Amino acid sequence: MIRLDIDAQGIATLTIDQPRTMNVIDWDFPPALEACLDRISRIQARPQDPQVRGLIVTSAKSSFVAGADLAIMADFVAPGIGPADAARLIARIGAVLRRLETLGLPVVGASTGTALGGGLELLLACHHRIAADTPGAVYGLPEVTLGLLPGAGGTQRLPRLLGLAAALPLMISGRPLSTTAAHEAGLLDAVVPTDDLLPAARRALLAGRVAAQAPWDRKGWRLPGGDSSTPAAQALFMTVNAGIHGRSHGLQPAPGAIASCVYEGSRLPFDRALRIEQQQFARLVQGAEAQAMIRTLFFGRQALEKAPGRPAAVPRQRADRLLLAGDAPWLDGLRVAAQAAGLTVGPVVVRDTGPAVGAEAGAPIEGVQDGGCAAAAARPQAAAVADAGADADAGAGAGADAQGRLCVGEGPGALALRWFAAWPGDLPPVLEIAPRADTDARTLAAGFDLARQLRAVPLLLPAADPGAAPRHALRDAIDAVLGAARQAVAGGDSPVVVDNLARAGGWPALVTLAAAIGQAWPPAAPADAAEGPAAGEGAPTAAAPGGLPADDVAARLCEAQRGWARALLAGPAGRGDDAAATTTAAGLTTTALDVAAVLGAGFPRHLGGPACPPSPVARPVAAAA
C-alpha cells in the first residue's frame, strides 16, 4: 500500500500505491503510513546506521490521492458511535499526518496529479510541495459539497499557509484549482515536468531548501495577514457569514462550521485548533444533512456515472460534430454544453459522400432535425455537411440504422436526450436518456457516451411501450413543483414571495426551473383576477389551498416532488427498491430518482432527494460503495 525506499544519499521515498484505480485515504492508510514512519524513526535512533536526510511522499499513479474513501463514513454513524467517538475516529487520520509533519525531517510532497480532500491535506502536512504538470489535475478541499469539512487538518493548515482571506473562499465553496492556479495561489511551491518530479524533490532536499519544520511550529510565527482578531479579519468574517446565509439560508451547516473552525483555530496553538476541527467534523458527519448528501451526491451520483444500462458490447464513441435543431427547451442546454465541450454544432442536414462506418471512436456524430427529431450519423471525417435548407437524407430519423445514423429527438425511431441543469456551475447536469421500444444497442450506447463526453450524469428511463412516445421523468418532476408554486399564487401569495421562500428552503430560482421545461414564471394572472398588490409588495399569510401556511412554500414544493417520485416508483417505470442503487431496464430506483431530482429538478440537496428516507440520519447506500 505504501512502499518505503531509501537511496544511497539518505533520501527516503514513500510511494502510495493502493490496489485500486486511484489512491484514497481509508482506515488502512493511517497504520500503513505509521509503519513507514516507525521504520524511519528506528533508523534515526541508531547513529551507526546511515541516516535519513529527507523524505519524499509521492504516488505510483497518475493522480496523488483522490480524497477519503467515503465508504468509511458509515463508521461514523454506526450504532453506539457518539460525537466523541466520531471525533476520535477522524483524529486517527489527523494524528498520523501530524506525526509526518513533526518527524524532525524535511518532507517534500511530490504530487503526480490530482489531490483532493484528504489527499490535499496530506500534501499540506508536507513542508514543501512540488507538482507534476499533469493535464487535468486539480487541487482542492471539496468536503463542503457533501456537507462535511476537511477533518485532517485542512481548516487549520490552509489558512496558516495562505492567510484567512485566500483560504476561506476555497474551503467554503469547495472549488478545485488547476495545477497552475494552485501554484499561483501558494498551495504548491513548484510545478515541474512529469519526468522531473522526483528528481526535483531530491534536489530540493539535498540542497537544503526544505525546512524540517512547518512554519506554524516555529517560535514567533504569525499567521499571514493576522488571525481572526484583527479588524480586517472581523470584516472578512462578517462578509463570509452573510454570503453563507445568502447561499444556503442556514440549511447546510458545513460552510458555517468551516468558518467557525478557521475563526477559532487561527487564535489557538495548532494542536488545540486540530481538536476543534475534529469536534466540528464529528458534529457534521453525524448530521442528517451530510449523510443525505453523501448518499445522493457521492454514492448515488457515482453509481449513475458508471452508466448502468449502457450496452457493454458496444465500443465507446466520441462526438466531434453535433447538428441539432428544434425548440425543445432541453435541447438548448445540450447545444450550449456541446459547444463548450469543443464540439462543432451546426444546423440541420447531413449528406453522406461515401459508405458510413458506424459509431467508431473519433468519428463525428452529426444530426438533423426532422419533424421534431434530430438525426445523427457517425461517419469518416471526409463526410460532407450540406448547407442548411437542403433535403434530409432518406431514412433520417430511423434511429441507428445500417448507415450509422443516430436519431436524437421525440419522434418515431428516435432516442430522446434531454438536458437538465438545476444548479449550473455548481452541480453537474443530468442527461435524461429516454429510449423507445425499438431503440437498438448502438443508439442507446451513443446517448451514454455523449453524457460522458459532456460531463453530465446519465439517467436512463425505461423504454417506452411499443408505439408509445418516449417516457418523461424530470419534465414531470419540475412541472409538479411549479404546479405547487402556482397553487400558492392562486391562493393569494405573491409570486415574488413564493420564489423567495422556495429559495430560502433550498430550491433554485423558480424562473430557472420553469425555463428548463418551457414554462414561464411568474404565472400569468387570470384576465378577470381582482387587482391585488404588485409583485414584491407583500403577500397574505393565510393558508394556501394545500393546507400549509403560506410561509411553508418550500415544504409544499418538496411534497409535490415526493408525490412525483412515489407515483413513478409505484408505476410501471419504477422498481421501488435500491438493490443496485441504479437505473436498469427493469425500472427506476429511489437512488436514481434522488440524484436526478437534485441535479436536474432542483430538489434541495441537504434533504438528499424526494425518495431519500427522511430519517434523522440517512445511511449511505452500501451497494453503491
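The values are calculated or read from the model by the stated rules, or taken from the named source; none is laboratory data. Just so it is clear, the structure is predicted and the values come from calculations on it, not from any experiment. Backbone-built Cβ (ideal geometry, glycine too); neighbour counts: all protein chains shown. For the accessible areas, the whole protein counts, side chains as well, though only heavy atoms, and no ligand, DNA or RNA atoms are used. Shrake-Rupley method; radii C 1.70, N 1.55, O 1.52, S 1.80 Å.
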GLY151 within 19 Å of LEU97 (Cα to Cα) and open to solvent by less than 30 Å² (accessible area, probe 1.4 Å): yes
With respect to the numbered conditions (1) within 30 Å of GLY505 (Cα to Cα); (2) open to solvent by 30 Å² or more (accessible area, probe 1.4 Å); (3) assigned to a helix (DSSP H, G or I), which one is the sole condition not fulfilled by GLY250? (3)
Restricted to region 163-180 and to residues being in contact (Cβ under 8 Å) with a residue 40 or more places away in the chain and open to solvent by less than 30 Å² (accessible area, probe 1.4 Å), the residue farthest from THR230 (Cα to Cα) is THR179
Looking at LEU105, LEU146, LEU124, LEU116, can you tell me which residue is touching a Lys or Arg at 6+ places or on another chain (Cβ under 8 Å), of a type in the set (A, V, I, L, M) and open to solvent by 10 Å² or more (accessible area, probe 1.4 Å)? LEU105
Mind listing whichever residues of region 135-162 are over 21 Å from the mean Cα position of the chain (by Cα) and either in a helix (DSSP H, G or I) or farther than 27 Å from THR230 by Cα (or both)? GLN156, ARG157, LEU158, PRO159, ARG160, LEU161, LEU162
Which residues, taken from region 28-86, are open to solvent by 60 Å² or more (accessible area, probe 1.4 Å) and within 18 Å of GLY119 (Cα to Cα)? ASP28, PRO31, GLU34, SER62
Do any residues in region 270-287 that are more than 17 Å from ALA214 (Cβ to Cβ) have Cβ atoms under 9 Å from those of residues that are of a type in the set (Phe, Trp, Tyr), where the two are at least six apart or on different chains, and which pairs are they? PHE281/PHE76; ALA282/PHE76; VAL285/PHE76; GLN286/PHE76
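Check whether at least one residue in region 204-216 is assigned to a helix (DSSP H, G or I), surrounded by 15 or more Cβ atoms within 10 Å (Cβ to Cβ), more than 29 Å from the chain's Cα centre (by Cα) and of a type in the set (Gly, Ala, Ser), and report yes or no.
Yes; the residues of region 204-216 include at least one that is assigned to a helix (DSSP H, G or I), surrounded by 15 or more Cβ atoms within 10 Å (Cβ to Cβ), more than 29 Å from the chain's Cα centre (by Cα) and of a type in the set (Gly, Ala, Ser).
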Flagged pairs (Cβ under 6 angstrom, 6 or more apart or on separate chains; first in region 24-36, in contact (Cβ under 8 Å) with a residue 12 or more places away in the chain; second in a loop (DSSP other than H, G, I, E, B) and crowded, with 17+ Cβ neighbours inside 10 Å) are VAL24/ALA66; VAL24/ASP69; ASP26/ASP69
Just to verify a result, which residue in region 103-129, among those that are outside any loop (DSSP other than H, G, I, E, B) and of a type in the set (Gly, Ala, Ser), is nearest to SER41 (Cα to Cα)? GLY109
Among the residues of region 455-473, are any open to solvent by 60 Å² or more (accessible area, probe 1.4 Å) and either polar (S, T, N, Q) or assigned to a helix (DSSP H, G or I) (or both)? no
Please find, within region 401-427, the residue that is modelled with the lowest pLDDT out of those that are crowded, with 19+ Cβ neighbours inside 10 Å, under 21 Å from ALA514 (Cα atoms) and not aliphatic (A, V, I, L, M). GLY409
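Quick one: is LEU501 modelled with pLDDT of 95 or more and part of a helix (DSSP H, G or I)?
Values: modelled with pLDDT of 95 or more: no; part of a helix (DSSP H, G or I): yes.
Here the answer is no, as LEU501 does not meet what is asked.
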